[in-house]
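Trainee: Let me begin by handing over the structure; questions about it come next.
Throughout, read-outs are computed from the coordinates displayed, never taken from laboratory work. For clarity, every value in this text was computed on a predicted model and none was experimentally measured. Every residue, glycine among them, receives a Cβ derived from its backbone with ideal geometry; neighbour counts consider all protein chains shown.
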Amino acid sequence: MSLHDRSVGELARAVREKDVSAVEVARAYLDRIQAIDRKLGSYYRVDEAGALAAAAAVDQKIARGEDPGLLGGVPVALKDLFVTRGVETTAGSKILQGWVPPYDGTAVARLKQAGAVILGKLNMDEFAMGSSNENSAYGPVRNPWDLSRVPGGSSGGSAAAVSAGLAAATLGTDTGGSIRQPAALTGTTGIKPTYGRVSRYGVVAFASSLDQVGPFGRSALDCAQVLEAVAGHDPNDSTSLDQPVPNYRAACDLSPRGLRIGVPAEYFAKTAPAIADPVRAAIEALCREGATQVPITLPHTDYGIAAYYLIATAEASSNLARYDGVRYGLRVPSENLASMYARTRAAGFGAEVKRRIMLGTYALRAGYYDAYYLRAQKVRTLIRRDFSAAFETCDVIATPTSPTVAFKLGEKAADPLAMYLTDVFTIPCNLAGLPGMSLPCGFSEGLPIGLQLLGPPLGEPAIFRAAGAYQKLSDWHTRRPELS
Ligand code: GLN
């Protein structure tokens, strides 16, 4: 088996047992990126020198008889939203072009501590706003299954790189679906953990009450291994949960016998059979192994998108106020301070980011707060209650991840509302702060379909249990796009 087809666990084991050196693994991935990524555009920046140095350090540790770590020698890559010491971090925006951070975010530092070899920074929608990766200031990412289609977004580069074998695993972020939707569209597995499970310290902020870090991998087991390395309490993030990190890999090995799978009517009612049928078939496959189906209802699902586009834009308008030409990246000089701010922001932000800053600023204006932001927060509470009621009768909830397979580049780019609607099944989970995974469960017209599994707060083990069991029963996650 070639190196780019091996799992995270196999790579870590092979390096630890000196079947292959970490440098050889890094070299193989760097060569493949060089050969293939021109077509995809998944990497914004490859850090060849940094990767080879990190790999050499892992090999030296092993030679000295020391423990190389949980991810020793495993080649990974990061959405360009993660702050990386000494490596340019742009968040997909012109306004941050050239910004070289002086520190590593917590998730990045933990990856390094675990021995992972960081290959580079991945393309993404500007400030993580988008569902197709077309909002990047540095060009789109293409879907490895069909180069005329989008990989999803906003972590489009993170998804495409794993799908194409250009990293063994990657980190993304998910504010309204940005891990799960691209995972679904590229045939990869991705998990957005419970809000607060992974530190947001050193992650460029979009909507702070929704943002969460998570891994992409070729299987749930690969995601489990990476999540174990990055999860856990961090005093630098006040919303970080002070809870022990369970053994997610062990959960992947548990039998689904007795697992109660909630099936929400609202998520299937308007979904085309080409998507809904494979998702139902996946649920039935788990039931044949002893899981049971429980019909549930999440009545406020339809209000999720509207509430999200008030809450997320309000928080973004405040978070993005810091890009004013004074401290980071771009500065457009002007005659006075106010016009320097204005010109810098006009030149540095793309159209979608400006749209959201304006929407969010409007929603927060004196006199409008009660009508918009406060009401959206009330809807958020109703959605959270829907889920708590549902989880009294089930352990996980299974739904489609995305209402469609990957769409064509340009297809929705001119219609923001059509783009927003693609997140109808992923957004409620963020509003409720719950963990959610997408994993492959079939194909339609040669394009991958995602099964979404949601859990109660800190219910990641139940998700890994269902996903691990399903990936033993199916081989969708082992299919690879043809690329040469
Ligand atoms: N697509 C959604 C948006 O545009 C979600 C993005 C995300 O999760 N970062 O806001």
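Trainee: With a 10 Å Cβ neighbour count serving as the proxy for reagent exposure, in which order, fewest first, do GLU66, GLU10, GLU266 appear?
Mentor: Lowest count first: GLU66, GLU10, GLU266.
Trainee: Still on this structure, I have one more. From the cross-link list LYS270/LYS378; LYS18/LYS61; LYS94/LYS354, which pairs have alpha carbons spaced over 18 Å apart?
Mentor: Checking Cα-Cα distances, LYS270/LYS378 exceed 18 Å.
Trainee: Return the FRET efficiency for the residue pair ALA389, ALA347: r is the Cβ-Cβ distance, R0 is 56 Å, and the value is rounded to the nearest 0.05.
Mentor: 0.70
Trainee: Another question, then. Could you run the Karplus curve 6.51 cos²θ - 1.76 cosθ + 1.60 with θ = phi - 60° over segment 382-397 and give me ³J(HN,Hα) per residue in whole Hz, x for Gly and Pro?
Mentor: In residue order, the calculated couplings are 4, 5, 4, 5, 3, 5, 5, 5, 4, 6, 6, 10, 8, 9, 9, 10 Hz.
Trainee: Go from 0 up to the bin containing the longest alpha carbon distance in the chain, width 20 Å each, and give me the % of pairs per bin.
Mentor: Result returned by the calculation: 26, 59, 14, 0.
Trainee: Would you work out the charge dipole size for segment 1-133 about its Cα centre, treating the Cβ of every Lys and Arg as +1 and the Cβ of every Asp and Glu as -1, and quote it to the nearest 20 debye?
Mentor: 80 debye
Trainee: Please compute the net charge surrounding GLY176, taking Lys and Arg as +1 and Asp and Glu as -1 over other residues with Cβ under 12 Å from its Cβ.
Mentor: Around GLY176, the surrounding residues sum to -2.
Trainee: Charges at C-beta only: +1 for Lys and Arg, -1 for Asp and Glu. How large is the resulting dipole of the chain about its Cα centre, in Debye rounded to 20?
Mentor: That gives a dipole near 540 debye.
Trainee: Please give the direction-averaged projected area of the C-alpha convex hull for segment 65-139, in square nanometres with one decimal.
Mentor: Computing the convex hull of the Cα atoms and averaging its projections yields 5.5 nm².
Trainee: Once the convex hull of the C-alpha atoms of segment 142-246 is built, how many Å³ does it hold per residue, rounded to a whole number?
Mentor: Output value, Cα hull per residue: 88 Å³.
Trainee: Also, quick follow-up: Principal axis extents for segment 1-144, Cα atoms only, whole Å, descending order, please.
Mentor: Here the spans come out as 45, 34, 22 Å, largest first.
Trainee: Additional query: Restricting the calculation to Cα positions, tell me the Rg (one decimal) and the Dmax (whole number) of segment 34-97 in Å.
Mentor: Cα radius of gyration and Dmax of segment 34-97 are 14.6, 45 Å respectively.
Trainee: Here's a follow-up. What is the distance, in nm, between label points placed 7 Å from the Cα along the Cα-to-Cβ direction at GLN34 and at GLU17?
Mentor: Here the modelled spin labels are 3.0 nm apart.
Trainee: For the charge dipole of segment 260-339, defined by +1 on Lys and Arg C-beta atoms and -1 on Asp and Glu C-beta atoms about the Cα centroid, which residue among ASN336, ILE305, THR292 has the Cα displaced farthest towards the positive pole?
Mentor: ASN336
Trainee: Once both labels are modelled 7 Å past Cα along the beta-carbon direction, what's the MET358-MET1 spacing in nm?
Mentor: 5.1 nm
Trainee: Largest first and in whole Å, what are the equivalent-ellipsoid semi-axes of segment 1-61 based on the Cα gyration tensor, each being the root of 5 times an eigenvalue?
Mentor: Ellipsoid semi-axes (Å, largest first): 21, 15, 8.
Trainee: So, in nm, how far is label GLU10 from label TYR368 when the simple model puts each one 7 Å beyond its Cα toward the Cβ?
Mentor: 5.4 nm
Trainee: Would you kindly compute the Cα radius of gyration of segment 312-410 and its largest Cα-Cα separation (Dmax), both in Å?
Mentor: 19.7, 64
Trainee: State the volume of the convex hull built on the alpha-carbon positions of segment 283-369, expressed per residue in Å³ and rounded to an integer.
Mentor: Hull volume over Cα atoms, normalised by residue count, gives 167 Å³.
Trainee: What ranking do ILE179, ILE33 get, fewest neighbouring Cβ atoms within 10 angstrom at the top?
Mentor: With the sparsest Cβ surroundings first, the list reads ILE33, ILE179.
Trainee: Continuing with the same structure: Roughly how many Å is it from the Cα centre of segment 148-222 to that of segment 278-297, as a whole number?
Mentor: 25 Å
Trainee: Could you compute the net charge surrounding ARG200? Neighbours are other residues with a C-beta less than 9 Å from the C-beta of ARG200; K and R count +1, D and E count -1.
Mentor: Result for the local shell: -3.
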